Structures are given as C-alpha cells and as structure tokens.
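For reference, the structure is listed below as structure tokens.
The values are calculated or read from the model by the stated rules, or taken from the named source; none is laboratory data. These numbers come from a predicted model, not from an experiment. Methodologically, a virtual Cβ is constructed for each residue, glycine included, from the backbone with ideal geometry; neighbour enumeration extends over all protein chains shown.
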Protein chains: 2
Amino acid sequence: MSAEHHREHAGAGARTVAARRRRLRADRARQLADLLRHQILTGAFAEGVLPYEEAIGRDYGATRNTVRQALGLLSAEGLVERVPGVGTVVACEKYRHGLDRLQGLAETLHEHGQVSNEVRTVGPVRAPAPVAARLGLPEHSEVLYIERLRRLGGLPLSLDLTYLPLDIGVELLDADLEHTDVFRLLESVTGQPLGRAEITLEAVNADAHSAAVLQAPRGAAVLMLERLTHLADGRPVDLEFIRFRGDRITMSGLLHRAT
Amino acid sequence: MSAEHHREHAGAGARTVAARRRRLRADRARQLADLLRHQILTGAFAEGVLPYEEAIGRDYGATRNTVRQALGLLSAEGLVERVPGVGTVVACEKYRHGLDRLQGLAETLHEHGQVSNEVRTVGPVRAPAPVAARLGLPEHSEVLYIERLRRLGGLPLSLDLTYLPLDIGVELLDADLEHTDVFRLLESVTGQPLGRAEITLEAVNADAHSAAVLQAPRGAAVLMLERLTHLADGRPVDLEFIRFRGDRITMSGLLHRAT
C-alpha cells in the first residue's frame, strides 16, 4: 500500500468517525427534544421559560452541544423561541384536543378562550357521489357546504370543510355559525344528541394555498382529521375535513388493550 | 378622476378579480383533493388507478383545471403519481393504524406484511428526571433505551424511541427485537397483559436527521405519537416517542359523544 493510498484511507476513516459522531449527536438531540417537548406541552416549565442550557444538560445528562441542537429542533418546530438575553421561551400554546369523547372545537377548548369562525363559504351544492353515499343520501342530492377558518384568541387553528344533508343544513343558515360549533347546532336543530363518529387522522404538508389561509409557512405540517359524525339514532349527518395547524394542536386520549 | 387614474383603478379591479378566481379555484381543488384522498385511502379505485380527468370532473362537478390542481395537491403529498400514458396511479399504500385498541405495529399491520425492526441502539441509560417520574421509578434509576427503525415490506414506516424500566428491560436484551413488537415481549416477560396507554398525537415537520433516517424528504410531515403504556396492574412500563412517516400511516378510530 503506497503512503499516498494510506493517507487517503486514514482520511476516509477520520471522515467516517466524524460522520458517526454527528449522527450520534443528532440522535441524542432528538431524544432530548422529545423529552423537552412533553414538558413544554404539559406546562412543566414555570412561566414558559426553559432552564438554562447548563441546567438542562445536567438534568438530562447531555452535553452543551446536544442541548443546543435539541433546542434548535424545537425552535424549528415553532414550539420554542430563543430570545437573546432571556433564554428559551415557550413560543405558542399548543392546545390538547381530546380523543376520548366526540366534541366540537369550542367545547373542547372552552377553558382556553373563545373560538371564532370565519365563514368563508356557505351554501347548497350538488353532493359528489362519495359524499352522498357517506351521508346516506340519494345520488345527486344537494348538501349544505360550509367552509370555516377557525381561530382561538384571534390565531388561526384550523380550516374546516363541512358537508351536511340539506334538510338539516338549511336550518343552520340562520344560526350563529361564527360563534357556535356545528355539533351544538346539529343537536339543537335535530333535538337529539350526536352518537358516534368515525375518524381518520393524518399528518400532511400544507399546500401553498392552505398554508396561506392558516397563516402558516408553506409545507407546514398539518394534522388532518376526516370525521363522519352520526346522530344518536345512527343517521350520518356531518362529513368534515379539518386541517389543524400542527404547531397549535395535539390530540390526546386513552387506549385500552382489551376491547 | 383623470383617465390615467381610472385606467389604474380598472387594472387593480381586474387583478382583484383574477386573485379571487385563483383563490376560488384553489378552494375547489382542496375540496376535491380531500374527497379523492378518502377514496384513495379506502381503496375505492380498482387496481389503484384513478379515473381520467374528464371522468373525475364529471363525477365531482369540477372543471378540468380544478381536477388537475387537485391531482397536483395529492401528488405533492406523495399519495398519487401522474404517469404519462397511464394516468394517475396510487403511489404508495397508506396503512391504517387502529386508534380503538392498544396494539403494536406488527399486530395492527399483520395483514399487510411483516414488520421488521432495525435496532439502532439498545442499552441501559440513566433515566432523565421526567422519564423516571413517568415510569414511576426513583430519580437517577437506570432504564433500558431502545431505538428502532421500523419497516414494512422493506419501506421505513417509523422511528421509535423507547424507555423501559430496567428490571423488565433486561429480559428483552436476548429477545428477538428485530421481529417482535415490544408490546408482545412485555406481556410475555411480565406474564400479564398490558392495560391502558395515554397517547398524544401531533403533526410535525421532520428535522433533517429524522427525515434522513426515515428516507423521507426534509421537512416531510410526520405523525408523532407519544405513548405511555401500563401493565394491566397499572404499572407504567413503556414510554415511547414514535415518528410515523405521514405518507405511510393513518390513524383511525371511533369516537362517542357520551362517555
């Protein structure tokens, strides 16, 4: 093996070691970020200020570099802000939406403030075939379509696309859609409680237009909820497609092993 | 008003009309994309091929431009691919993870194929204070830390960070972690079934390193699941932080109005 070749080989070895060290540090930063995320979401830091980097490092057995990288990850997620001279502060409250019980947004978030809805569209449309089928309506029926941008304390939380059977929907046209959950209106209009809802949750990147409406960066992670809600008597009455800003909402619940 | 001024004003009006038209088309594209997404996820399109643009337009009462824009949104999400000469095809199966019952990944996806786990790290670590607290352990206890990249049919699905109490964890060191859910191992090691789990779901943008591990684009939307699982006797035994690729997993379940 020539001296030249040997040097190259040693160089490659050093590069591998450096790459491995970077990878390990990135792994550790992710571990630490996940632990801090939980503390942030559950309000464990008094007045929303995180401890100093040294203290975090001590508490979590992490180096200063790892702590910095972890805080960088949380800052990129929009969960914390690094304020010079102050430290790291919780940037924006993230609200817990319950997964245990079927609730409207205003109901579930009532202790955090008033939900207001900007009604972007409301009116009858001919139901596309899958909408008619899922709402148990004859093909080509009309349905009421409602599109709302929902805010809490003025900040956009979600963009909701809603399809309702027209016989029930027309009764909502005069209702206070700006300040009332559709769930509450459905119960008051039909005189019966809601029953069950089939839900599907996904994480998607917001397209440019949805991001603009939600005042989020293009490509921002969105928690997408599709929900078909039935009245207590079983009739499907409310098909919704909801985009929650990922940095503003978490969904929490309890799962059981036995059913 | 001068003729000059009037022309400027008319120009602004035309621009407003054009902007409004673009906004309306973007709104309609989103509506259509959401309806198609449900059809795709539930396997409504035979052999994973979507109908021609004209047919979609007819079925959903949408213009050709809206159809194209909607397919563009789904393609940007990685849900469909537009193949010249073939049309629009479903790009990648998205698996339904149940929200109704506490299940491991291999259990819940068994009908789709074999889940394999690449164990990136396994070993004892000193528990950071919040980990010890949540697992009901004395401060500074050691826990078993496991990091796994989980694949289905060779494709990365999730990156799982797991903390287990060491007394239970040590018994997993000789187990087949590459092909067995931690849930199943916990039940076999402790001789009792799991009980409940508290879960929190979020949508976050993947940081560069997590994205690289998951072989997803940087910033890709990730469905983040934090889960604290208890044995049937109530003891907390498994704290996990799971990043699911947003384009590969949906979470589905049933919610009820009354509790």
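Under the condition of being within 18 Å of the chain's Cα centre (by Cα), of a type in the set (Gly, Ala, Ser) and surrounded by fewer than 20 Cβ atoms within 10 Å (Cβ to Cβ), which residue from the range A:76-103 is farthest from the other protein chains (Cβ to nearest Cβ)?
A:Ala91
Residues of the range A:34-56 being surrounded by 19 or more Cβ atoms within 10 Å (Cβ to Cβ) and in a loop (DSSP other than H, G, I, E, B), which ones?
Once the filter is applied, which keeps residues that are surrounded by 19 or more Cβ atoms within 10 Å (Cβ to Cβ) and in a loop (DSSP other than H, G, I, E, B), the range A:34-56 yields only A:Leu50.
Which one is surrounded by the most Cβ atoms within 10 Å (Cβ to Cβ), of the residues in the range B:57-75 that are within 25 Å of B:Asp247 (Cβ to Cβ) and in contact with a strand residue (DSSP E or B) (Cβ under 9 Å, 6 or more places away or on another chain)?
Step by step, filter the range B:57-75, then rank; the result is B:Leu74.
For the range B:213-232, what are the residues that are facing chain A (nearest Cβ under 9 Å) and of a type in the set (Gly, Ala, Ser)?
Scanning the range B:213-232 gives B:Gly219, B:Ala220, B:Ala221, B:Ala232.
For B:Val125, all conditions in the list (1) assigned by TED's automatic domain parsing to the domain that holds B:Gly154; (2) surrounded by fewer than 15 Cβ atoms within 10 Å (Cβ to Cβ) hold save one; what is the number of the exception?
(2)
Exactly one condition in (1) away from every other protein chain (no Cβ under 11 Å); (2) under 23 Å from A:Val213 (Cα atoms) is false for A:Val125; which is it?
(1)
Test each condition in (1) in contact with a Leu (Cβ under 9 Å, 6 or more places away or on another chain); (2) on the phi < 0 side of the Ramachandran plot for B:Thr42 and report the one that comes out false.
(1)
Across the range A:57-69, which residue is farthest from A:Ala221 (Cα to Cα) among those that are assigned to a helix (DSSP H, G or I) and free of Cβ contacts under 8 Å to residues at least 12 places away in the same chain?
So the residue we want is A:Arg58.
Residues A:Leu194, A:Leu149, A:Leu201, A:Leu155: which one is within 16 Å of the chain's Cα centre (by Cα) and at the interface with chain B (Cβ under 9 Å from one of its Cβ atoms)?
A:Leu201
In the range A:37-52, is there at least one residue being over 28 Å from the mean Cα position of the chain (by Cα), in the same structural domain as A:Val86 (by TED's automatic domain parsing) and within 22 Å of B:His140 (Cα to Cα)?
yes
Collect the residues in the range A:243-259 that are outside any strand (DSSP E or B), within 7 Å of chain B (Cβ to nearest Cβ) and crowded, with 21+ Cβ neighbours inside 10 Å, keeping them in residue-number order.
Passing the criteria: only A:Gly246.
So, B:Ala26, is that one of a type outside the set (Val, Ile, Thr), surrounded by fewer than 17 Cβ atoms within 10 Å (Cβ to Cβ) and not assigned by TED's automatic domain parsing to the domain that holds B:Glu226 or not?
no
Please specify each residue of the range A:169-189 satisfying the condition of being touching a helix residue (DSSP H, G or I) at 6+ places or on another chain (Cβ under 6 Å) and in contact (Cβ under 8 Å) with a residue 24 or more places away in the chain.
Result: A:Leu172, A:Asp181.
Within the range A:104-122, take every residue that is buried (at least 16 other Cβ atoms within 10 Å of the Cβ) and within 14 Å of another protein chain (Cβ to nearest Cβ) and give me the one that is nearest to A:His230 (Cα to Cα).
Filtering first and then ranking leaves A:Gly104.
Quick grid of which residues meet (1) within 30 Å of B:Cys92 (Cα to Cα); (2) buried (at least 21 other Cβ atoms within 10 Å of the Cβ); (3) among the polar types (S, T, N, Q); (4) at pLDDT below 95:
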residue	(1), (2), (3), (4)
B:Arg134	no, no, no, no
B:Pro138	no, no, no, no
B:Glu142	no, no, no, no
B:Leu152	yes, no, no, yes
B:Asp160	yes, yes, no, no
B:Leu164	no, yes, no, no
B:Ile168	no, no, no, no
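Kindly indicate whether any position in the range A:183-198 is of a type in the set (Val, Ile, Thr), touching a strand residue (DSSP E or B) at 6+ places or on another chain (Cβ under 7 Å), in the same structural domain as A:Gln114 (by TED's automatic domain parsing) and crowded, with 18+ Cβ neighbours inside 10 Å.
The answer is no, given that none of the residues of the range A:183-198 is of a type in the set (Val, Ile, Thr), touching a strand residue (DSSP E or B) at 6+ places or on another chain (Cβ under 7 Å), in the same structural domain as A:Gln114 (by TED's automatic domain parsing) and crowded, with 18+ Cβ neighbours inside 10 Å.
Could you go through the range B:217-237 and let me know if any residue there is among the β-branched types (Val, Ile, Thr) and outside any strand (DSSP E or B).
No, the conditions are met nowhere in the range B:217-237.
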